[in-house]
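> One structure, as structure tokens, below. Some questions next.
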Amino acid sequence: MTHPLASLLRSVPSFPDQLPSFAVDAAPDDPTALFTEWFTAAIDAGVTAPHAMTLSTSGQDGVVTARTLILKDIDEHGWIFASRDDGPKARDLGANPFAALTFFWPAVGRQVRVTGPVRKRPRADGEADFLARPEGSRASAFVGHQSEPLESLEMYRDAYSEATARLAEKPTLVARTWNTWALAADRVEFWQASADRAHVRLEYRLHGHDWQRGLLWP
Ligand SMILES: Cc1cc2nc3c(=O)[nH]c(=O)nc-3n(C[C@H](O)[C@H](O)[C@H](O)COP(=O)(O)O)c2cc1C
């Protein structure tokens with residue numbers, strides 16, 4: 001007997017019983033410092049892929065799309081991610097450079113939300129990121145056609161084998177379409193779940209060059 005989906009959905013907890021506290025008064029001035037603290041705590045708590053985040057974009061037609069990406073770094077340009085520049089997300093960012101990133105770390109009941117404008121980084125950054133990728137990931141980036149309809153799994157496997165062979169022959173090859181982007185955060189929100197539902201939200205907003213902090217109603 002299978003459970004109806006609705007009751008199954010109601011039966012699963014969102015957070016563990018034990019949750020960390022969030023001392024908002026001791027929060028650092030810069031959201032990157034707090035993100036680094038929370039990221040380290042997520043690793044310590046055993047969160048799988050804490051560097052995975054949802055990137056939400058919208059295109060010229062206003063249609064919103066979201067997908068998971070890996071955060072590569074946070075530097076003076078922003079929150080860095082890498083991808084192909086000939087697929088849907090790149091087209092969206094070309095039409096509307098404003099995007100959002102969302103991290104959810106269930107084991108610690110934490111969410112981080114980031115918004116801001118996105119700019120493509122110079123070609124050299126994309127090349128460096130590509131060369132730092134594991135062999136299999138480099139081959140898959142080489143195949144191309146990402147997010148286009150695929151006739152059969154064999155077709156992809158053949159293209160992947162061909163890309164693997166080309167890279168084995170010349171390991172310094174770089175996919176022309178691989179690029180990095182930086183989201184220059186203007187708002188970063190830290191959300192901490194609490195067992196008594198008094199969830200704590202601290203928002204950093206950029207005013208000029210300064211971050212201002214404030215609590216939000218949960
Ligand atoms: C955990 C995880 C990490 C991913 N990391 C990346 C990434 O760093 N770069 C990327 O282009 N796609 C990544 N993907 C695949 C994307 O979610 C997405 O399928 C792909 O980029 C195509 O997106 P688009 O059609 O919106 O352009 C990842 C998927 C998962 C589940």
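The values are calculated or read from the model by the stated rules, or taken from the named source; none is laboratory data. Given the structure is predicted, the values throughout are model-derived calculations rather than measurements. Here Cβ is always computed from backbone atoms with ideal geometry, including for glycine, and neighbour counts include all displayed protein chains.
This table checks each residue for (1) closer than 24 Å to residue 218 by Cβ; (2) at pLDDT below 95; (3) not in a loop (DSSP other than H, G, I, E, B).
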site: 2; (1), (2), (3): no, yes, no
site: 15; (1), (2), (3): yes, yes, no
site: 21; (1), (2), (3): yes, yes, no
site: 29; (1), (2), (3): yes, no, no
site: 38; (1), (2), (3): yes, no, yes
site: 43; (1), (2), (3): no, no, yes
site: 53; (1), (2), (3): yes, no, yes
site: 57; (1), (2), (3): no, no, yes
site: 67; (1), (2), (3): no, no, yes
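> Here's another thing I want to ask about it. Is segment 89-100 home to any residue that is part of a helix (DSSP H, G or I), within 14 Å of the ligand (Cβ to nearest atom), charged (D, E, K, R) and out of contact with any Leu (no Cβ under 9 Å at 6 or more places or on another chain)?
Kept after step one, since they are part of a helix (DSSP H, G or I), are these residues of segment 89-100: 89-95.
From the residues that got through so far, the ones that are within 14 Å of the ligand (Cβ to nearest atom) too are 89-95.
Retained after the next criterion (residues that are charged (D, E, K, R)): 89, 91-92.
Restricting the remaining residues to those that are out of contact with any Leu (no Cβ under 9 Å at 6 or more places or on another chain) gives 91-92.
Within segment 89-100 (the criterion being part of a helix (DSSP H, G or I), within 14 Å of the ligand (Cβ to nearest atom), charged (D, E, K, R) and out of contact with any Leu (no Cβ under 9 Å at 6 or more places or on another chain)), the answer is yes, since at least one residue qualifies.
> How many residues are closer than 12 Å to residue 84 by Cβ, assigned to a loop (DSSP other than H, G, I, E, B) and away from the ligand (no atom under 12 Å from the Cβ) when one looks only at segment 132-154?
Adding up the residues that qualify gives 1.
> Where residues in segment 195-213 are part of a strand (DSSP E or B) and among the acidic types (Asp, Glu), which of them is surrounded by the fewest Cβ atoms within 10 Å (Cβ to Cβ)? Write out each step before concluding.
Keep residues of segment 195-213 that are part of a strand (DSSP E or B), which gives 200-207, 210-213.
This time we only want the ones that are among the acidic types (Asp, Glu), so: 203, 210.
Details: 203: 17, 210: 9.
The selected residue is 210.
> Answer yes or no as to whether residue 154 is under 30 Å from residue 14 (Cβ atoms), over 18 Å from the mean Cα position of the chain (by Cα) and either modelled with pLDDT of 95 or more or small (Gly, Ala, Ser) (or both). First the steps, then the outcome.
Details: under 30 Å from residue 14 (Cβ atoms): no; over 18 Å from the mean Cα position of the chain (by Cα): yes; either modelled with pLDDT of 95 or more or small (Gly, Ala, Ser) (or both): yes.
Here the answer is no, as residue 154 does not meet what is asked.
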